[in-house]
Each structure stands twice: as C-alpha cells, then as structure tokens.
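S.K.: The structure follows.
Read the figures in this text as sums done on the coordinates, not as results from a lab. These figures come from a predicted structure and were not determined experimentally. With ideal geometry, Cβ positions are generated from the backbone for all residues, glycine too; neighbour counts draw on all protein chains shown.
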Amino acid sequence: MITRLPRDYVIYSFSKLHQAKYTAVPGDIVVFETVDALGGQIVDEATTLDSIDWNRVNPATGPLYVEGAKPGDTLIVEIEDIRISDRAVIVVAPGFGALPDRKIKPMVKMLKVEGRRVLFNDVEIEARPMVGVIGVAPEDGELPTGTSGHHGGNMDVALLTAGSRVYLPVFTEGALLAIGDIHVVQADGEICVAAAEASGEVIVKLELVKGKRPRYPVIETGDRYSIIAFGRDLDEAAYRASEEAVLILMRALSVSFEEAYMLSSLVVDLRINQVVDPMKGVRAEIPKNYVKLEHILTQLS
Ligand code: CA
Ligand code: CA
C-alpha cells in the first residue's frame, strides 16, 4: 500500500507525545511531501533572512505511526527515491556555520536545478539529492527537528541518498517517523550551515526488525555500514563513533577490545557529517567485509 503524507502535516520537534494522523505497516511505501528547511519562505533573492518566521524552520513531515513497532525494535527506512524541484536555496548569516566569528553580511542565493545539475552562478555541480532529517520519537523529552541524536533527526549526512537504508532505534509504540530537509547536493561538513535546500518528495519503504536495535542510527550503503554519532563538538562525536565501531568489531570478529581497537585503525573510516548543527556529526564507516547487521543490532539488556 502507498501512503502519502502532505507537506502541511509537519512537526518541529520529535516527541513520544505527538499524535500521528497517518499509519503504515511494514512493507509499505510511504511518500513524504517535504518543505525545505527554511519553511519554503525564501522565494527569491530579495527575501531577507530577517523577514522570515524562525518558528517555521526545519519542518519535518510526520509523524507516521508504524504498526507493530515497539520499543527495542529497529525501524528500517529504505530511501527509494528523492524527487526535487527545479530550484534550491542556500543562505549564509553571521554567527552560523564553521566560521561563525567572520563579520559577513547575510546573503540568500537561489540555485537553478536542471536535471542532474545544479547551477551556482556559472559553476556546474552534480546534483546528489539527499535527506537531512530522518528521525523517530526520542527516548526522553522533546527534541527540536534541527538537532540530532540516538533517534536520528537532523543528521545531515550526505550518504542519505536514494538506495541507502537507515536503521533507527524505536523508543515508542509506532516509532513516530518524520522526514524533511531535502538537499539537492551537500558536501561532508556542510560548512556554511546550509546546503542546496529544496522542497520535494521522499519515497521510502519501511521494514521492522523485532527485538533488536542499534545504539546509534546506522546507514547502509553499497559496501559499508556507517554509524552516525553526534556530540557537542567533533572530539566527542569522534569518540562515540570510534567506541561504537570498536564494540561492533569485537562482536563481529570475536576478538578482545584491544584487538578490535587495533583493527579499527586499519579498516574503519571516520568522516565528518556536519560541523554546523547543535550536535556535530561524525560517522564511522565499517566495510561489510568485517561485520554483519546482526553485530550492529543488539538486544536490549
Ligand atoms: Ca538543510
Ligand atoms: Ca539540516
């Protein structure tokens, strides 16, 4: 069955307390119509950043109640397709991004999207559509859709393209999935704080794994699993990504912590997701040669 969530059905926080109007069952295809991270408020380069309503930024379409999902399970979100519009927007403002101390003026730039390419002035960039926000209700409290954590959220990982699969830990009945923040293209780091922000549609297929879940969101792409860690700074995020990768290698290869620690130096790639959100993001990429999904998803103790 295909369920469609309209673009005006949005949340600005992830919470167990939200009521879901839409439901799906594992195996379903779900279309999330999404509005860009600026709430679709920037329509041309004359729109100034101080004219927009900041309560309407980072909308995520949802929540969706997934039948059968219970705390301790894993929700698998397979991205089937990302449909983008013919234009995107990027912004900079003082105090934001990797260089917040620079005295810059706020600036809005519209980018033309032509098929598989994005035009920045006359610079051609290959479009690589991805989703910034994919998350479920967190274990505790209410988290803004602009931040990330164990529940996913604003992960801003360039790997979240069509064909990738996200494994999210379920903390509440129905999981309460929400998706938003399409980027037509984003490089690792998302240096200036924004990417090529666009509205569009994200088409996903949902699956459940019962009774096991990952400690952090995990993204499966061609030949690897990426552990999506987060932290108040990159050191903390890198620590968590490394620690989780070592623990997974221990289980996968039945070796001591010391040996798994050594191996991680040889086979695990640490990469930066973004340095600009409230929680900075680092991922540990582990090739499938060394681990299976069963070593990543564990039973609740
Ligand atoms: Ca964004
Ligand atoms: Ca984002």
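S.K.: Residues that are within 21 Å of the chain's Cα centre (by Cα) and under 30 Å from Lys212 (Cα atoms): does region 82-102 have at least one?
M.R.: Among the residues of region 82-102, at least one is within 21 Å of the chain's Cα centre (by Cα) and under 30 Å from Lys212 (Cα atoms), which makes the answer yes.
S.K.: Which of the residues spanning region 206-245 are buried (at least 16 other Cβ atoms within 10 Å of the Cβ) and without any contact (Cβ under 8 Å) to a residue 40 or more places away in the chain?
M.R.: Glu243
S.K.: For the list (1) on the phi < 0 side of the Ramachandran plot; (2) touching a residue at least 40 places away in the same chain (Cβ under 8 Å); (3) assigned to a loop (DSSP other than H, G, I, E, B), I need the number of the one condition that Val30 fails.
M.R.: Condition not satisfied by Val30: (3).
S.K.: Quick one: Glu190 ticks every box in (1) closer than 30 Å to Lys21 by Cβ; (2) within 16 Å of ligand 1 (Cβ to nearest atom) bar one, so which box is it?
M.R.: With (1) closer than 30 Å to Lys21 by Cβ; (2) within 16 Å of ligand 1 (Cβ to nearest atom) applied to Glu190, the lone miss is (1).
S.K.: Could you check region 48-163 for strands (runs of 3 or more DSSP E) lying wholly inside it with 1 or more residues that are away from ligand 2 (no atom under 15 Å from the Cβ)? So that I can check it myself, show each step before the final result.
M.R.: Values: elements: 60-66, 74-84, 87-92, 107-114, 117-120, 123-126, 130-135, 142-144, 152-154.
Hits in region 48-163: 60-66, 74-84, 87-92, 107-114, 117-120, 123-126, 142-144.
S.K.: Here are Ser85, Ser13: which of them is among the hydroxyl-bearing types (Ser, Thr, Tyr), within 21 Å of Val276 (Cα to Cα) and in contact (Cβ under 8 Å) with a residue 12 or more places away in the chain?
M.R.: Only one candidate passes the filter, namely Ser13.
S.K.: Looking at (1) within 21 Å of Ser226 (Cβ to Cβ); (2) among the polar types (S, T, N, Q); (3) surrounded by 24 or more Cβ atoms within 10 Å (Cβ to Cβ), which one does Thr147 not meet, given that it meets all the others?
M.R.: So the condition that Thr147 fails would be (3).
S.K.: Any chance you could count how many residues in region 149-195 are under 18 Å from Leu75 (Cα atoms) and acidic (Asp, Glu)?
M.R.: 1
S.K.: Looking only at residues in region 164-173 that are surrounded by fewer than 23 Cβ atoms within 10 Å (Cβ to Cβ) and part of a loop (DSSP other than H, G, I, E, B), which one is farthest from ligand 2 (Cβ to nearest atom)?
M.R.: So the first thing to find is which residues in region 164-173 are surrounded by fewer than 23 Cβ atoms within 10 Å (Cβ to Cβ), and the list is 164-165, 171-173.
So of that shortlist, the ones also part of a loop (DSSP other than H, G, I, E, B) come out as 164, 171-173.
Details: Ser164: 16, Phe171: 21, Thr172: 23, Glu173: 27 Å.
The residue in question is Glu173.
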